[in-house]
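Below is one structure; the comments refer to it alone.
What follows draws every value from the coordinates through simple rules; no lab data is involved. Source: prediction; values computed, not measured. Here the Cβ positions follow ideal geometry from the backbone for every residue, glycine too, while neighbour counts run over all protein chains shown.
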Amino acid sequence: MPAVTIYLPPDLIDAARKQASARNRSLSAWIGGLVREATASEWPRSLVELLRHGSADLVEPYDPPPEDIETLR
């Protein structure tokens, strides 16, 4: 696997390490996941499932057009 060097300020490095550690991932794996999400051409399956859950409960409210509409010229 190719190696990549990135330069970040110390505060960003510390924040990235904490985020990776909180998810039990290596720093490389965590950053790779961010890149994967940013370049994904499809929505994550977990988000699609979340959006599908309960969709039958949603009802579009009645929203009639305004009565007085001026013609655009």
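The alpha carbons of the chain stretch over 62, 38, 25 Å along the principal axes, in descending order. The long axis of helix 27-38 is offset from the longest Cα principal axis of the chain by roughly 20 degrees. For the peptides 8-19, 39-50, residues were scored by their other Cβ atoms within 10 Å and the scores averaged per peptide; the highest-first order is 8-19, 39-50.
Taking the Cβ of L34 as the center, what net charge do the other residues with Cβ under 13 Å away carry, scoring Lys and Arg +1 and Asp and Glu -1? Show your work: numbers first, answer last.
Details: positive: R23, R25, R36; negative: E37.
Neighbourhood net charge equals +2.
Any chance you could give the angle, 0 to 90 degrees and rounded to 10, that helix 10-22 forms with the longest Cα principal axis of the chain? That works out to roughly 80 degrees.
Residues of the stretch 17-38 with amide nitrogen under 15 Å from the 7 Å Cα-to-Cβ point of A3? Residues 28 qualify, since their backbone N sits under 15 Å from the label point.
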